[in-house]
Amino acid sequence: MWESSNSLSAEDQKELAKRITSFLSQYRYLSESYIIEFFTEDLWHKLPVRWQSVLQDLSYPQVAELLLLDAGHGHRRYSCVWPLSLLAFRAAAHSLAFPRSSWQSRTCANNPAKPKEFQENPNQSSLLAHAFRKHVKPKKQHEIRELGTLVKQLCERTECNLVVDVGSGQGHLTRYLSFGLGLSVTAIEADPTLVATATKFDGQLLCALEKERRKKQKCSSEPPPTETCPRHVTGWVDPKASWEVFIQQLGTDHSYGEGPITPCKKRLRCPERTPETEAFEGRDMVLTGLHACGDLSPTLLRHFVKCPHIRAITSVACCYMKLTTKEQPAPAGVLEPPDTSQSDPEPLVRDFGYPMSMHVRGLPGHQLSYKAREAACHAMEDYVERLREESALLRTHCYRAALEVFITDSRPDLRRAGIQTVKKAHLLTFNEYARLGLARLGLPPSLPLEEGRLEAMLAQQGRVVVFFSLALLLAPVVETMVLLDRIIYLQENGVHSQLIPLFDPNFSPRNFVLVAQKTPE
């Protein structure tokens, strides 16, 4: 079996979920706080007084060492005695979260932020053939190779040759599974533009592979072997639809989109709707999704549980804030196709993205707010490096919090307004930053910025960083709760699963993969 980050029994899983909900309920004032409201909501004074006294004078490297890193990173040097409540908070946060890394032995000695495969060239994985690196960023190179290898092993264990890549995007994982590992792959993606790009890249990759073969077969008169291209289906996976509808989607016709493919198009064997394609519904398959966003990940897990043809699944989740919940059935910013359920004589009952399991649903305080789930997507490893380096990037939180004061003073209706990222904000003075930020809201750049008031706020940058770090310490616990709920859901449906920290967390923040396989009857 693969290395697993947890080996908890079913009862241990349920007990852990209970402990996490209790812990998170106690510290909602941290997990649900918006750092941009640090001044408008006086967040610093929401902390216990004794916490304030020991935290306010910490240097940034001390914040990283004493708060965010766990006890396994060496001896801690305290400048004063910390209250037991703060020590207990930090210890509980570390102990309740699933370990995110098993990568220490596989990172570069001269660059611990990247895996060894990038030691020779920071932009090119030495473990991935050149043909599979084209158009692919280093982070994605690392991910498709690691996940592709795992999917291949899972196919061998289940004796399945068909893989379904859901939310396939530009098809980087699809191509590696198909051309690199020899698997039969059907990819489904909602965005037709991405599907067109994926199929174009398929043709380019096939040309590159043929050129390589010709070089190796100069003395041979035989033509290169014909390749089978992965199938691409354009379609949105509806969380409200049944697994039967999902399987029907996968068996539909597909196309390359607009424009020419490549001169190698003649060698692509992409079948139209044939009796063989119509038999797709009866084939056993392995389901995979690399950073499937929001409700897509739980939807795939439900299809895996209910569909007899899906033998195994690898699920790498993303964008927890876009999960639907009972309290937030349609998160802001998530667009869905028009509701056509009125024409369905028996519409399905909507299952929410969180929680999935009956056990977690019955726990008091299991609810996770949008803000808590959004924070769970932040990369603690990256922030630790910023703190250690005392990066100028750390001032941006304080800038935005100060700007919020002037915005809400002038326009209370613009509270928490999104101004997006101001490019190179850390290199700007506050007045320069404010001018750019206010313009994005359609506000005049001449809002009254009282110098004394502004200086008092900017002088509290250290407190802003400390408060953000306290909230960030809860992020892995929230992520653990979401993933643990999925593990328990599978357990409730008779399926054992493993949660593996597959990717290097310094390189790929959402690094867990949930792996499950049905036991043959």
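The values are calculated or read from the model by the stated rules, or taken from the named source; none is laboratory data. The structure presented is a predicted model; accordingly, all values stated were derived computationally and were not measured. All Cβ positions, glycine included, derive from the backbone under ideal geometry; neighbour counts span all protein chains shown.
Please determine, by comparing only the residues of region 44-89 that are aromatic (Phe, Trp, Tyr) and in contact with a Phe, Trp or Tyr (Cβ under 9 Å, 6 or more places away or on another chain), which one is modelled with the lowest pLDDT.
Checked region 44-89; the qualifying residue modelled with the lowest pLDDT is TRP82.
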Being touching a Leu at 6+ places or on another chain (Cβ under 8 Å) and surrounded by 17 or more Cβ atoms within 10 Å (Cβ to Cβ): is that true of ALA471 here? yes
Can you name the residue in region 294-330 that is outside any loop (DSSP other than H, G, I, E, B) and charged (D, E, K, R) and is also nearest to the chain's Cα centre (by Cα) among such residues? LYS322
Please determine whether any residue of region 452-461 is surrounded by fewer than 17 Cβ atoms within 10 Å (Cβ to Cβ), of a type in the set (A, V, I, L, M) and touching a helix residue (DSSP H, G or I) at 6+ places or on another chain (Cβ under 8 Å). yes
State which residue is surrounded by the most Cβ atoms within 10 Å (Cβ to Cβ) when the search covers only region 393-409 and only residues that are over 26 Å from the mean Cα position of the chain (by Cα) and more than 14 Å from TYR34 (Cα to Cα). ILE407
Count - residues of region 354-394 that are hydrophobic (A, V, I, L, M, F, W, C), out of contact with any Pro (no Cβ under 6 Å at 6 or more places or on another chain) and not in a helix (DSSP H, G or I): 4
Region 139-168, residues that are in contact with a His (Cβ under 9 Å, 6 or more places away or on another chain), of a type outside the set (D, E, K, R) and over 20 Å from ILE310 (Cβ atoms): GLN141, ILE144
Would you please list the contacts, defined by Cβ atoms under 7 Å and residues six or more apart or on different chains, that run from a residue in region 42-63 that is over 18 Å from ALA456 (Cα atoms) to a residue that is of a type outside the set (Asp, Glu) and exposed (fewer than 14 other Cβ atoms within 10 Å of the Cβ)? LYS46/TYR29; PRO48/SER85; VAL54/CYS80
Run PRO412 past the list (1) within 32 Å of the chain's Cα centre (by Cα); (2) modelled with pLDDT of 90 or more; (3) not polar (S, T, N, Q) and report the number of the one that doesn't hold. (1)
Looking at region 126-138, is at least one residue within 14 Å of VAL316 (Cα to Cα), surrounded by 14 or more Cβ atoms within 10 Å (Cβ to Cβ), in contact (Cβ under 8 Å) with a residue 40 or more places away in the chain and not small (Gly, Ala, Ser)? no
What pairs come up if the first residue lies in region 1-29 and is under 17 Å from ALA93 (Cα atoms) and of a type in the set (Asp, Glu), the second is surrounded by fewer than 16 Cβ atoms within 10 Å (Cβ to Cβ) and modelled with pLDDT of 95 or more, and their beta carbons are under 7 Å apart, counting only those six or more places apart or on different chains? none
Subset of region 147-162 [under 21 Å from the mean Cα position of the chain (by Cα) and either crowded, with 21+ Cβ neighbours inside 10 Å or within 26 Å of GLN249 (Cα to Cα) (or both)]: LEU147, GLY148, LEU150, VAL151
Mind listing just one residue for me: the one in region 430-469 that is over 33 Å from the mean Cα position of the chain (by Cα) and of a type in the set (S, T, N, Q) and, of those, farthest from LEU387 (Cα to Cα)? SER446
Count of region 173-196 residues which are within 10 Å of ILE144 (Cβ to Cβ) and either of a type in the set (Val, Ile, Thr) or surrounded by fewer than 24 Cβ atoms within 10 Å (Cβ to Cβ) (or both): 2
